[in-house]
Amino acid sequence: MNEIEILLVEDNPDDLEMSLHALRKAKIANRVQVARDGQEALDFIFCEGDFADRTMDHGPRVILLDLKLPKVDGLEVLKRIKSDPLTRKIPVVILTSSKEQNDVIESYDLGTNSYIVKPVSLDQFVAAVQNMGMYWMLLNQPPVFE
């Protein structure tokens with residue numbers, strides 16, 4: 001399986017389509033894995049369930065994570081990622097509609113690398129996702145996983 005560069009965890013079909021559209025416009029959507037709930041995200045990250053045939057050798061370079069997710073919420077997903085030595089260095093960007101300070105604080109306490117509130121307008125949303133994708137895929141220097 002090709003290396004997945006971005007894991008996009010989003011349950012809202014409209015936000016998912018806008019995010020994928022923005023990534024395509026920025027020409028960084030060729031290796032995106034979508035998870036539509038928190039459990040699917042965990043299964044992908046930790047090579048369980050439907051993704052048991054994957055290996056953790058080629059984890060995502062960045063995870064775009066919504067907070068309000070079915071099955072397992074985003075904060076729990078973040079907690080699992082950042083508490084495991086094999087995944088804690090993967091950058092996680094919270095991309096959510098929540099402006100609640102408790103969510104912001106808890107996300108940073110759990111180790112998020114960035115917290116972005118989804119803009120309301122389509123143009124602002126597309127620009128935010130494009131800028132975020134360009135930063136994490138082209139400018140950020142990730143650690144080498146061994």
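Overview of values
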{"quantity": "Within segment 52-70, considering residues that are within 26 Å of residue 97 (Cβ to Cβ) and open to solvent by 30 Å² or more (accessible area, probe 1.4 Å), the one nearest to the chain's Cα centre (by Cα)", "calculated": "61"}
{"quantity": "Residues of segment 123-143 classified as more than 12 Å from the chain's Cα centre (by Cα), assigned to a helix (DSSP H, G or I) and either of a type in the set (A, V, I, L, M) or loosely packed, with under 13 Cβ neighbours inside 10 Å (or both), total", "calculated": "9"}
{"quantity": "Subset tally (residues that are part of a helix (DSSP H, G or I) and open to solvent by 20 Å² or more (accessible area, probe 1.4 Å)) for segment 28-51", "calculated": "6"}
{"quantity": "Matching residues, segment 76-122, being among the aliphatic types (A, V, I, L, M), open to solvent by 30 Å² or more (accessible area, probe 1.4 Å) and in contact (Cβ under 8 Å) with a residue 12 or more places away in the chain", "calculated": "86, 110, 116, 117, 122"}
{"quantity": "For residue 7: the one exception among (1) open to solvent by less than 20 Å² (accessible area, probe 1.4 Å); (2) out of contact with any helix residue (DSSP H, G or I) (no Cβ under 9 Å at 6 or more places or on another chain); (3) not polar (S, T, N, Q)", "calculated": "(2)"}
{"quantity": "Test: residue 63 is β-branched (Val, Ile, Thr), within 23 Å of residue 140 (Cα to Cα) and out of contact with any Lys or Arg (no Cβ under 8 Å at 6 or more places or on another chain)", "calculated": "yes"}
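The rows are residues; the columns are (1) assigned to a loop (DSSP other than H, G, I, E, B); (2) in contact with a Pro (Cβ under 9 Å, 6 or more places away or on another chain); (3) at pLDDT below 95.
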residue	(1), (2), (3)
53	yes, no, yes
69	yes, no, no
72	yes, no, no
77	no, no, no
81	no, no, no
85	yes, no, yes
90	yes, yes, yes
95	no, no, yes
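Here's the yes/no breakdown for (1) aliphatic (A, V, I, L, M); (2) under 14 Å from residue 11 (Cα atoms):
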| residue | (1), (2) |
| --- | --- |
| 36 | no, yes |
| 40 | no, yes |
| 53 | no, no |
| 60 | no, no |
| 65 | yes, yes |
| 71 | no, yes |
| 78 | yes, no |
| 84 | no, no |
| 97 | no, yes |
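The values are calculated or read from the model by the stated rules, or taken from the named source; none is laboratory data. All values derive from a computational prediction rather than experimental measurement. Don't worry about glycine lacking a Cβ; one is built from the backbone with ideal geometry, like all the others, and counts go over all protein chains shown. Only protein heavy atoms, including side chains, enter the accessible area calculation; ligands, DNA and RNA are left aside. Shrake-Rupley method; radii C 1.70, N 1.55, O 1.52, S 1.80 Å.
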